[in-house]
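Structure first, then comments.
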Amino acid sequence: NGATMPSNQTSHNDSKCDSYYNPTIVPALYFLMFPIALLLNGVAAWVSLHLKSTSTFVVYLKNLVAADVIMTLLIPIKAASDLPGASNLLFSLSCYLSTIFYSTQYTCITFLGFISLDRFFKIMTPQSKFFSQNLTFSKLISGSVWVTQFGGTALPNIILSTESVDNLTAIRTCMELKGRAGLEFHHTIVMLINVFFWIVSVVITVCYICIAKRVIQSFRNSGSNNNQGNQKIKLRVFLVVIVFFVSFAPYHIVRIPYTFEQVNYSSSTPCSPIKGKFAKELSLWLANTNICMDPLLYVFLCREFKEKLMSMMKNVSISFKVASAGKAEATSP
């Protein structure tokens, strides 16, 4: 593989640069995150299955839940493959699945963008029926997002990973499984999705700022001096935008220089690849904490979701009390 570093150079650099990167830190963070993400997204999936798709918002929300669940289920494999001593088979499996992992991450980002646009149109133009507020259109656009993300990014990356695992004594990076065409495609896709992320970021920021201004203006026009209500609206907008940027921005800042080193193996210092890998993995973990924040966002933004969740929790509580009472009666003399 023409993209592989010489083994003697690699081992020399590794021994010199070990202090910059403890390979167990990020996997440990993923393993800690997994049960939390599984619980929150399990509940979110349970609620969304009982929600009727009566609005475009709910359609996008259900797709976001599905993407979060897929990412959650892939966490253990990703974390285990990054641990020292992971087998070639596990690491290569993780490389193939990571393409799905990344595609699903950008599916999440896309639907977060659609949710912000949906709220924007409904609040800014409540009387008009844009095509984007049509249920059929929202289902078609949701399907096209999945097809585009997986057919345009994940599948080609898997197909272009043409190097045989049997020919490699030890796989150090997923790039070693790719031929020259695979490396070039990977580089191009990373650049494109990075640009895509910043476009979505601008859309989300503009949408929520406009929404906040419109709602606050409606308070003023109605003669209301509800300063507390105004503060709540500003806080909501601030939290949604800040959570999005805190989660995703660090990874997309780190990703571009890391990709150049990853594809070309060119760096200013011998330890740059190690530092870059640690920065990329840590910022990726931070980006993936968004799957724990999204279920809280559903409660925060979607009244139907919140009402269904409270109703289902109440039903579970009643069922539990009835079962406990029945058990107590059965064991009494």
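Where does each of 50, 186 land when they are ranked from fewest to most other beta-carbon atoms within 10 angstrom? Please list the in-between numbers first.
Values: 50 10, 186 22.
Listed from fewest to most nearby Cβ atoms, that is 50, 186.
Note on residue 139 and residue 22: with the Förster distance fixed at 30 Å, the Cβ-Cβ geometry gives a FRET efficiency of about 0.05.
Lys and Arg at +1, Asp and Glu at -1: add these up for the other residues within a Cβ distance under 13 Å of residue 72 and post the number.
On the way: positive: 78; negative: 68, 294.
That works out to -1.
In sequence order, the range 58-68 has phi-based couplings of 5, 4, 5, 4, 4, 5, 5, 4, 4, 5, 5 Hz under the Karplus curve 6.51 cos²θ - 1.76 cosθ + 1.60, θ = phi - 60°, and Gly or Pro positions carry x. Under 5 Å from the amide H of residue 179 lie the amide H atoms of 162, 163, each residue being 5 or more positions distant or on a separate chain, with H modelled from the backbone and absent for Pro and chain starts. Put one equal scatterer on each alpha carbon of the range 22-302, apply the Debye formula with no solvent term, and list log10 I(q)/I(0) at q = 0.08, 0.13 1/Å to two decimals. Listed by q, the Debye log ratios stand at -0.38, -0.93.
Residue order for 43, 59, 147, 190, fewest other beta carbons within 10 angstrom first, comes to 147, 43, 190, 59.
Computed from backbone phi, the HN-Hα couplings of the range 295-312 come to x, 6, 5, 4, 5, 5, 9, 10, 5, 4, 5, 4, 5, 5, 4, 5, 5, 5 Hz, rounded to whole numbers (Karplus: 6.51 cos²θ - 1.76 cosθ + 1.60, θ = phi - 60°; Gly and Pro given as x). Stokes-Einstein diffusion for the range 52-119 at 25 °C, viscosity 0.890 mPa s, with a Kirkwood radius from C-alpha pairs, works out to 185 µm²/s.
Just so you know, all these numbers are worked out from the coordinates, no wet-lab data involved. The model shown is predicted, which means the values in this text are computed figures rather than measured ones. Note that we place each Cβ from the backbone using ideal geometry, even for glycine, and neighbour counts take in every protein chain shown.
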